[in-house]
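As C-alpha cells, the structure follows; a few thoughts come after it.
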Amino acid sequence: MTRNLNWDDSDVVEVIGAQANGPVLILCEHASNVIPAQYGGLGLSAEARSSHAAWDPGARAVAVQLAEALCSPMVAATVSRLVYDCNRPPEATSAMPDRSEVIEVPGNRGLSAAERAQRVAQVYTPFCSAVRQVICARKTAGLATALVTIHSFSPVWFGAQRDCEIGILHDSDTRLADAMLAEAHRLPHRVIRRNDPYGPEDGVTHSLQLHGLAHDLPNVMIEIRNDLLQGAESQTRLANEVLTLLRPALNVLGETVKGGAHA
C-alpha cells in the first residue's frame with residue numbers, strides 16, 4: 001500500500017464543539033464505515049462494508065445528540081474500525097483484524113510491521129491527539145469532565161441472540177457506571193446491564209483506560225443494541241433514554257468530576 005500524500009488529520013477525526021463547556025466529553029470511536037480509497041475496500045463486499053463489522057450503526061447519531069443536549073464536545077473517528085479500531089491499542093491484533101465475527105477481512109491479512117505502523121500513524125495517533133487536546137484544554141479551563149464513549153452492538157453474535165438492550169460498561173473506575181445503573185429504574189421497559197454484552201476482559205475498555213483513567217476522569221462506555229437505532233426517530237428516542245440515566249448520574253457525581261479529581 002502506498003501512503004496517500006494528501007492524507008491529513010481531518011480525514012480521520014471529527015471534533016464537534018471543542019470549546020463547549022458542558023460536563024462531559026463524548027467519544028465515538030466506531031462512528032464511520034468509510035474505508036479510504038487507498039485500501040481498496042479491504043477486499044470486502046459492499047454488504048460487509050455496511051455491516052456492524054465495519055462500524056457501529058446509529059452510534060454517531062446518538063453521540064451527536066448527547067453532545068448537543070449536554071452542551072459538550074464530541075470526538076469521533078471518521079474511518080472504519082476495520083482500517084484501525086481506535087478503541088484498541090496498536091499491539092492488539094483486534095486493532096486491525098483479519099476477521100470480524102464471520103466476516104473475513106482480506107485487506108488486513110498478513111500486514112507487515114510497517115503497514116501496521118502506517119495505520120497507527122494515520123488513524124490512531126491523530127484520534128488520540130484530538131481527544132487529548134480537548135481533555136487538556138478543559139483541565140486548563142477548570143471544567144468538570146466525565147468521559148462517555150458511545151457504541152452499538154449487534155442483536156445476534158455468532159448465532160446467539162442478545163437480550164441486553166443497553167450495556168453500561170466500565171473498567172476499574174465504576175463511579176459513573178454505578179450512578180447510571182442506579183437510575184435504571186427510570187427505564188423499566190429496557191434491559192439494562194453492567195458490562196454486557198462486553199466487559200474489560202474482552203479488551204473493549206482501551207479508550208476508558210487511555211483517556212479516562214489516565215486523566216483521572218470518571219468514565220463509562222455505553223453500548224446500545226443496534227436494532228433499536230434504526231432510523232432518526234429511534235436514534236433520538238435512545239439518546240433521550242441514555243440522558244435519562246446520564247443526567248442524574250452526573251448530578252450525583254457533582255463536583256467530584258471537576259478537573260478529574262476524586263472526592
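If Lys and Arg each add +1 and Asp and Glu each add -1, what is the summed charge of the other residues whose beta carbon sits under 11 Å from the beta carbon of Ile150?
The answer is -2.
I need to check one value: relative contact order of the chain, counting alpha carbon pairs closer than 8 Å and at least 6 residues apart, in percent.
23
How far apart, in nm, are two points set 7 Å out from the Cα along the Cα-to-Cβ line at Thr174 and at Ala117?
Roughly 4.2 nm, to one decimal.
Scan the chain and report its longest stretch carrying no trypsin sites (Lys or Arg not before Pro) that are both in a DSSP loop and have at most 14 other Cβ atoms within 10 Å.
The longest uninterrupted stretch comes out as 110-263.
Between Asn21 and Asp216, what length in nm is gained on full extension when 0.36 nm per residue of separation is reduced by their alpha carbon distance?
68.4 nm
How would Thr174, Thr140, Thr205 line up from fewest to most surrounding beta-carbon atoms within 10 angstrom?
Ranking Thr174, Thr140, Thr205 by Cβ neighbours within 10 Å, fewest first, gives Thr140, Thr174, Thr205.
Any idea what diffusion coefficient the range 9-257 gets from Stokes-Einstein, in µm²/s, Kirkwood Rh on alpha carbon pairs, 25 °C, 0.890 mPa s?
This corresponds to a translational diffusion coefficient of 135 µm²/s.
Sort Phe153, Phe158 so that the residue with the fewest other Cβ atoms within 10 Å of its own Cβ comes first and the one with the most comes last.
Lowest to highest Cβ neighbour count: Phe158, Phe153.
If R₀ is 25 angstrom, what is the calculated FRET efficiency for the pair Ala92 and Val34, using the beta carbon separation as r and rounding to 0.05?
0.70
Please give me the summed charge of the neighbours of Arg60: other residues whose Cβ is under 13 Å from its Cβ, Lys and Arg +1, Asp and Glu -1.
-3
Among Ser50, Ser100, what is the fewest-to-most ranking by other Cβ atoms within 10 Å?
Lowest count first: Ser50, Ser100.
For the range 49-173, what class follows from the C-alpha gyration tensor (a ≥ b ≥ c being the square roots of its eigenvalues): rounded when a/c is under 1.5, otherwise prolate if a/b is larger than b/c, else oblate?
It comes out oblate by the Cα gyration axes.
Bear in mind these aren't lab numbers, they're just calculated from the coordinates by the rules spelled out. Predicted model, so just to flag it, every value in this text is computed and none were measured. Here Cβ is always computed from backbone atoms with ideal geometry, including for glycine, and neighbour counts include all displayed protein chains.
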